[in-house]
Amino acid sequence: CEVVLYTPDHELTFGTLGHDAARRVVDLWAERTEVLGGRPEIAYVLPFENRGAEVGATIDHPHGQIYAFDEIPAVPLTELRRADAGSCTLCAPVDDALLVSDALDWRAWVPYASVYPYALVLAPHVHRPDLPSLDGPQRDGLADLLVDVLGRFDRLFDQRLPYMLWIHQRPTDGALWPAAHLHAHIVSPMRAPGVQRYVAAAELGSGAYTNPVVPEDAAAALRGT
């Protein structure tokens, strides 16, 4: 477990870091993926961020974390197996109604069916398996897109929106994983200003979730911020 401090400025957020500082974070994620993933006992490296008390963050200073696992966690493993079976949605065209931002070889869109009211997937247009494999312009694109969409989250309800961010990439277990496609997920539990969406018993008990925000409406709202 490692902690990544984005900036010495306590008042900034990822969305207000600016390009240069955000690019340094992307470079650090890539560097730590390479270093941690190079250890023989590490099978998966997961950079992530929890922001806001509503999602369990205990300090306000802009920061994230990196977990290195000795096995591939269940969620990225399921994604990888689906991609290996030929169902990589990251490579498919994105409905214009769900697209939020498209620039510098990256795009961000609202998934068609999300557990969370506001959610985004970020992925490069070209196939890149992990953070270390990104070249300079692609790292610039990821940095700029993160600043863009996280700024949109904060403008959505004119407040610092609580969110969770995580990055899925190729495992470091030594296997090839040719279908691995680098991408990031960003989700917020807030459905309206000051109103949190709670996952209820029927959803947890069934595995069938009912999102109170229509995905096309979520995308339109984020595009308009």
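Scoring Gly207 on the criteria (1) modelled with pLDDT of 95 or more; (2) more than 21 Å from Pro162 (Cβ to Cβ) leaves a single failure, condition (1). Applying the criterion of at least 2 residues that are open to solvent by less than 10 Å² (accessible area, probe 1.4 Å) and either basic (Lys, Arg) or in contact with a Leu (Cβ under 6 Å, 6 or more places away or on another chain) (or both) to the helices (runs of 4 or more DSSP H) found wholly in the stretch 116-225 leaves 136-156.
Please verify whether Ala119 is small (Gly, Ala, Ser) and in contact with a strand residue (DSSP E or B) (Cβ under 6 Å, 6 or more places away or on another chain), treating the condition exactly as stated. Spelling it out, Ala119 is indeed small (Gly, Ala, Ser) and in contact with a strand residue (DSSP E or B) (Cβ under 6 Å, 6 or more places away or on another chain). When we screen Asp130, Asp144, Asp148 for residues that are closer than 28 Å to His63 by Cβ, of a type in the set (Asp, Glu) and touching a Lys or Arg at 6+ places or on another chain (Cβ under 7 Å), the only hit is Asp130.
Taking the numbered list (1) closer than 19 Å to Glu79 by Cβ; (2) modelled with pLDDT under 95; (3) among the basic types (Lys, Arg) in turn, Arg170 passes all entries but (2).
Pairs are defined by a Cβ separation below 8 Å, a sequence spacing of at least 6 or placement on different chains, a first member in the stretch 185-201 that is in contact (Cβ under 8 Å) with a residue 12 or more places away in the chain, and a second member that is part of a strand (DSSP E or B) and of a type in the set (S, T, N, Q); the pairs so defined are Pro189/Gln196; Met190/Gln196.
Every condition in (1) open to solvent by less than 20 Å² (accessible area, probe 1.4 Å); (2) without any contact (Cβ under 8 Å) to a residue 40 or more places away in the chain is met by Thr89 except one, and the failing one is (1).
Within the stretch 204-225, which residues are touching a residue at least 12 places away in the same chain (Cβ under 8 Å) and under 25 Å from Arg51 (Cβ atoms)?
Taking the stretch 204-225 as the starting set, the residues that turn out to be touching a residue at least 12 places away in the same chain (Cβ under 8 Å) are 209, 211-213, 215-216, 218-223, 225.
Once the filter is applied, which keeps residues that are touching a residue at least 12 places away in the same chain (Cβ under 8 Å) and under 25 Å from Arg51 (Cβ atoms), the stretch 204-225 yields Tyr209, Asn211, Pro212, Val213, Pro215, Ala218, Ala219, Ala220, Ala221, Leu222, Arg223, Thr225.
Of all residues in the stretch 39-77, those satisfying the criterion of being in contact with a Ser or Thr (Cβ under 7 Å, 6 or more places away or on another chain) and over 18 Å from Met164 (Cα atoms) are Ile42, Ala43, Tyr44. When you go through (1) under 14 Å from the mean Cα position of the chain (by Cα); (2) over 15 Å from His183 (Cα atoms); (3) of a type in the set (Gly, Ala, Ser) one by one for Ala97, which number turns out not to apply? So the condition that Ala97 fails would be (1).
The values are calculated or read from the model by the stated rules, or taken from the named source; none is laboratory data. Small disclaimer: the values here were computed from a predicted structure and weren't measured. Please note: Cβ atoms are built from the backbone with ideal geometry, for glycine as well, and neighbour counts cover all protein chains shown. Side chains included, ligands, DNA and RNA excluded: accessible areas come from the protein's heavy atoms. Shrake-Rupley method; radii C 1.70, N 1.55, O 1.52, S 1.80 Å.
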